[in-house]
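Q: Handing you this structure, nothing more for now.
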Amino acid sequence: MNLKPETLQRIDEVITHYPVKRSAVLPLLHLVQEEQGYISREAIEWIAAKLELQPINVYEVVTFYPMFRQHPVGRRHIKVCRTLSCALNGGYRTCEEFEKEFATQRGAISPDGEVTIEFVECLASCGSGPAVMIDDDLHEKVDCAKARALAAQIKAEAAARTK
Amino acid sequence: MTQPAQTDLITVTIDGREIAVPKGTNMIEAARLLGIDIPHYCYHPKLSVAGNCRMCLVEMGMLAFDPATKQPVMDPASGKQKVNWMPKPVIACFTNAAPGLHIRTNTPLVRECREGVMEFLLINHPLDCPICDQAGECKLQEQATAYGRGYSRFIEQKNVKPKRTLLGPRVMLDDERCVLCSRCIRFSKEVAKDDVLGFVDRGSYSTLTCYPGRRLENNYSLNTVDICPVGALTSVDFRFKMRVWFLKQTPSIDTESSVGVNTTVWSREGVIYRITPRRNDAVNDTWMPDSGRELYKQVRAENRLTAALAAGQSATLDAALAAAAELLKSAASAVAVVGSGRSSVDEQFLTRKLAAALKAPAWIVGRAGEGDGILLSTDRNPNTRGALVTGLIKALPGPQLGELAAAIDAGKVTTVLAVNEDLAAAGLTAAQLAKVRVIYLGTHANATSAAAQVVLPALTVFEKSGAFINQQFRLQKFVTAVPGPAGVSDDLATLARLLVAVGGPKLGETATTLWPALAAEIPALASVSFAGIPDEGLPLDSKPWAGLRFGEGASLHFQPAAAT
Ligand code: SF4
Ligand code: FES
Ligand code: FES
């Protein structure tokens, strides 16, 4: 496992917060996912060894929480809310719009590697749906037009980066 | 077993009946003592308590005391102390005996709880009992009969889960039948020390899985099949072979090692279908190794000896016995006897009698293996202690028959009586075997039977009755599960008749008739009768052998003498 020294340091530090090592499974998973974008099999086994557990114990946690990803995602992670309020306000159309923009399907990495779109449960912004989260930022009232604008912005940033 | 001291007993009241139980007893066990069944799935007496199935919900109450005066509050109607019943049910498996604890298991609330749990368990259950191996010994089936609605209110699509996952070489998983009790997970972790099973995903998608890339292949994996309350885990070997209600159960002993795991042999019309552990809290709890479950296959093995041979020709047993006696008598005092640590106590006793009648030295063959610290010990003979107790041997056996080999080379031994031991496997060379005349009593063909002048066929442990003495000096009996092959007489009869033929005393030819002689002659077995050996075995006094250095290490319920 190739983790940055800072991550390793934070991992060692966070373990000390708990009376038993096992309790540090969740924070460790978050730290690893933050750095690597997803939780690989290798990461599961590394965390298990680190916390003196068996890999199955960590694997159970990874599969229990939808926030942990077992596959790599695109550079940006777009989460479109699919729950009732947002759905009534056009969440499905929003999601399709993003898919069209990036020529991809939910769950997959877009061909340019830029994004992964996911249709997720309630993002806790039900009054201002359709709600969308791009990485850690919440976007409200994302109709198709706003979805196109957000997509354009992502593409522009990508172009700027590759220049 | 010593009775717990009176002070350790706590009186609890279950459905209005009082019972005194040791501290720490949970309510499922306490109710069991009263003959009250509290249905449960996840609870298992030999595993940690998980409390996740909720089938065991009961009503709980405590004796009422006035908070201010700490005086008991009396119920004027009954004149007894009042009970404060809690409004919500509790799980019996995680409720331990406490002074004044009251439990109700037969109220409408409890019944409703059970029905509710059953309804949820059944919504995603495939209801494929007609093709399920667990049918007949399935807790879900039993509980559905008692607490099922009889019809389903579930009109949605049932979940689909993997139906045929090989968790390992011997265990098959049907995830749709799993009730997520986690017994198999806890067993693997706590007893087999092989933590590879777990639940992935969530809610009704929860799925029992082995960690990707790992397998449930430890030598205890089949115990998960035994404790799975439903048909989710089944044995690859037993699967689809036989309906369990057709099978006869016979108590037996695992012959793999000196642990003496208690087993049940399941057979029908003379054919064995499976072997499962039999609970003995002093020996093997409710577990047994996978390797011991395969042993019934030796009964119908290709190389099974089914007829007597004399001088290479098939012969009647009488003729073979006469030929054997002739050989033994004509060899004067150049006979040696090789007995076996796999023979029963009774057979070893007769073997010793034979050696005495022939004035022959006797050995048994030591059989060392690796101990796993659970239920397989380093002594792979089930009855080394029996050979000591019966006086067949005085010292612990070595793995090789070195002394015998030397005696043969020196020409001091010209005839060998081998009881259930392959002399070649025990270190005699082909040349040494060729130098002597061999009388072989055994179950299967091998180099010794091939070299023998007389071959007397014998029975496997499943076809005869007898007793072994395990590493704890516990005398444990096994009884006939299936008849032996046609024409093969009982080993005790064969040995007893050979004994008479060589001029020895006439002794009993069955375990029951022989035991009086054992009891009379062997101090450790004085006052023991075969019928009187209890199912859980009989601990013998091991002091006379305290000076011997037995090789076994610690295992479940066993500490070597040196370490204590
Ligand atoms: S497979 Fe059987 S023992 Fe294991 S969790 Fe499922 S129901 Fe329980
Ligand atoms: S329903 Fe979309 S944020 Fe809650
Ligand atoms: S047996 Fe008590 S909760 Fe399962």
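The values are calculated or read from the model by the stated rules, or taken from the named source; none is laboratory data. From a predicted model like this one, the values you see are computed outputs, not experimental measurements. Because the Cβ atoms are built from the backbone with ideal geometry, glycine has one as well, and the counts that use them run over all protein chains shown. Heavy atoms of the whole protein, side chains included, go into the accessibility calculation; ligands, DNA and RNA do not. Shrake-Rupley method; radii C 1.70, N 1.55, O 1.52, S 1.80 Å.
Q: For a protection proxy built on the mean count of beta-carbon atoms within 10 angstrom, sort B:487-497, B:536-546, B:428-438 highest first, please. Don't skip to the answer; put the middle values down first.
A: Values: B:487-497: 22.1, B:536-546: 15.1, B:428-438: 17.2.
Answer by packing, highest mean first, reads B:487-497, B:428-438, B:536-546.
Q: Work out the length of the dipole vector of the range A:95-138 about its Cα centre, built from +1 on the beta-carbon of each Lys and Arg and -1 on the beta-carbon of each Asp and Glu, and round it to the nearest 20 debye. Each step should come with its number before you reach the end.
A: Values: 2 positive and 11 negative charges, 32 e Å.
Value, rounded to 20: 160 debye.
Q: If B:Leu295, B:Leu388 are ordered by their accessible area, calculated over protein heavy atoms with a 1.4 Å probe, which sequence runs from highest to lowest? Mind dumping the intermediate values first?
A: On the way: B:Leu295 40, B:Leu388 5 Å².
Result, largest first: B:Leu295, B:Leu388.
Q: Enter the accessible area per residue of the range A:5-64 (Å², integer; probe 1.4 Å; all protein chains in place). Present the calculation step by step, with values, prior to reporting the outcome.
A: Values: 3040 Å² over 60 residues.
Heavy-atom accessible area per residue stands at 51 Å².
Q: Determine, from the Cβ-Cβ distance of B:Lys163 and B:Phe246 and an R0 of 25 Å, the FRET efficiency 1/(1 + (r/R0)^6), rounded to the nearest 0.05. Intermediate values should be presented prior to the final figure.
A: Working: r = 25 Å, r/R0 = 1.00.
Plugging the Cβ-Cβ distance into 1/(1 + (r/R0)^6) gives 0.50.
Q: May I pose another question? Counting heavy atoms of the protein chains only and a 1.4 Å probe, report the per residue accessible area for the range B:6-116 as a whole number of Å². Intermediate results must be reported in sequence, preceding the final value.
A: On the way: 5860 Å² over 111 residues.
The answer is 53 Å² per residue.
Q: Let me ask something additional. Quick one: which residues, 5 or more positions from A:Arg76 or on another chain, have an amide H under 5 Å from its amide H? H modelled 1.01 Å from N in the peptide plane, none for Pro or chain starts.
A: So A:Arg76 has HN proximity to A:Val115, A:Thr116.
Q: Evaluate peptide A:51-57: per residue, the Cβ atoms of other protein chains within 10 Å of its Cβ; return the mean as an integer. Working shown, then result.
A: Values: counts 0, 0, 1, 9, 7, 14, 4.
Across the residues of A:51-57, the mean count of other-chain Cβ atoms within 10 Å is 5.
Q: What does the average come to when, for each residue of peptide A:62-69, you count the partner chain Cβ atoms lying within 10 Å of its Cβ?
A: Rounded to a whole number, the mean comes out at 2.
Q: Continuing with this model, one more query. For a protection proxy built on the mean count of beta-carbon atoms within 10 angstrom, sort A:61-68, B:259-266 highest first, please.
A: In descending order of packing, they fall as B:259-266, A:61-68.
Q: Give the A-B buried accessible area in Å², both sides summed, 1.4 Å probe, nearest 100. Don't jump to the answer; show the numbers that get you there.
A: Values: alone 9360 and 25210 Å², together 33430 Å².
Heavy-atom accessible area buried at this interface is about 1100 Å².
Q: Suppose each label sits 7 Å from its Cα in the direction of the beta carbon; what would the B:His444-A:Ala160 distance come out to in nanometres?
A: Label at B:His444, label at A:Ala160, 7.8 nm between them.
Q: Could you rank the peptides A:113-119, B:405-411, B:84-90 by their average count of other C-beta atoms within 10 Å per residue, with the highest value first?
A: Numbers: A:113-119: 21.1, B:405-411: 14.6, B:84-90: 12.6.
Averaged packing, sorted descending, gives the order A:113-119, B:405-411, B:84-90.
Q: Here is a follow-up. Hey, what do the phi angles of the range B:19-32 turn into as Karplus ³J(HN,Hα) couplings, whole Hz, using 6.51/-1.76/1.60 and θ = phi - 60°, x for Gly and Pro?
A: 8, 9, 10, x, 3, x, 5, 8, 6, 5, 5, 4, 5, 4
Q: Sticking with this structure for a sec: Relative contact order for the range A:76-162: what percent, with Cα pairs under 8 Å and sequence separation of 6 or more? Kindly include the intermediate steps, with their values, before the conclusion.
A: Details: 146 pairs, mean separation 31.1, N = 87.
With pairs under 8 Å counted, the relative contact order is 36 percent.
Q: Let me ask another. If you take each beta carbon of peptide B:192-201 and count the beta carbons of other chains within 10 angstrom, what is the mean? Before the final figure, lay out the partial values.
A: Working: counts 0, 0, 1, 6, 3, 3, 9, 5, 7, 4.
Per residue, the number of nearby Cβ atoms from other chains is 4 on average.
Q: Can I ask one more? Using a Förster distance of 51 angstrom, determine the FRET efficiency expected from the C-beta separation of A:Thr16 and B:Met62, and round it to 0.05.
A: Numbers: r = 41 Å, r/R0 = 0.81.
Efficiency computed from Cβ-Cβ geometry: 0.80.
Q: With an 8 Å cut-off on Cα pairs and a minimum separation of 6 or more residues, tell me the relative contact order of chain B in percent.
A: Computed value for chain B: 11 percent relative contact order.
Q: With unit charges on the beta carbon (Lys/Arg positive, Asp/Glu negative), name the residue among B:Ser333, B:Gly371, B:Ala322 whose Cα is farthest towards the positive pole of the charge dipole of the range B:310-372.
A: B:Ser333
Q: With a ≥ b ≥ c the root eigenvalues of the C-alpha gyration tensor of the range B:207-257, is it rounded (a/c under 1.5), prolate (a/b larger than b/c) or oblate?
A: Numbers: a/c = 2.56, a/b = 1.42, b/c = 1.81.
Verdict is oblate for the range B:207-257.
Q: Pull up all non-local amide H partners of B:Tyr273: gap of 5 or more, or a different chain, and H-to-H distance under 5 Å with H placed in the peptide plane.
A: B:Trp266, B:Ser267, B:Arg268
Q: So for B:Ser340, B:Ser333, what's the accessible-area order with a 1.4 Å probe, most first? Walk me through the numbers before you get to the answer.
A: On the way: B:Ser340 0, B:Ser333 90 Å².
Output order, biggest surface exposure first: B:Ser333, B:Ser340.
Q: I'd like to check one number: the per residue accessible area of the range B:272-427, probe 1.4 Å, reported in Å² as a whole number.
A: Working: 5680 Å² over 156 residues.
That works out to 36 Å² per residue.
Q: For the protein assembly as shown, with all protein chains present and a 1.4 Å probe, just round the carbon and sulfur fraction of the accessible area to a whole percent.
A: Working: 18350 of 33430 Å².
Result for the protein assembly as shown: 55 percent of the exposed heavy-atom area is carbon or sulfur.
Q: Taking the 0 to 90 degree range and rounding to the nearest ten, how far is the long axis of helix B:511-521 tilted relative to the main principal axis of chain B, both from C-alpha atoms?
A: 70
Q: Can you tell me the 0 to 90 degree angle between the C-alpha axis of helix A:55-64 and the longest principal axis of chain A, rounded to 10?
A: 30
Q: I would also like to ask the following. Could you calculate the FRET efficiency of A:Glu52 with A:Cys144 from 1/(1 + (r/R0)^6), where r is the beta carbon distance between them and R0 is 56 Å, rounded to 0.05?
A: On the way: r = 51 Å, r/R0 = 0.91.
Plugging the Cβ-Cβ distance into 1/(1 + (r/R0)^6) gives 0.65.
Q: What is the magnitude of the charge dipole of chain B about its Cα centre, with +1 placed on the Cβ of each Lys and Arg, -1 on the Cβ of each Asp and Glu, and no other charges, expressed in debye to the nearest 20? Please report the intermediate quantities before stating the final value.
A: Details: 59 positive and 54 negative charges, 32 e Å.
Result for chain B is approximately 160 debye, rounded to the nearest 20.
Q: What number, rounded to the nearest 500 deg cm²/dmol, is the helix-based mean residue ellipticity at 222 nm of the protein assembly as shown, given -39500 (n - 2.57) per DSSP H run of at least four residues and division by all its residues?
A: Values: 21 runs with 202 residues, N = 727.
So the calculated ellipticity at 222 nm is -8000 deg cm²/dmol.
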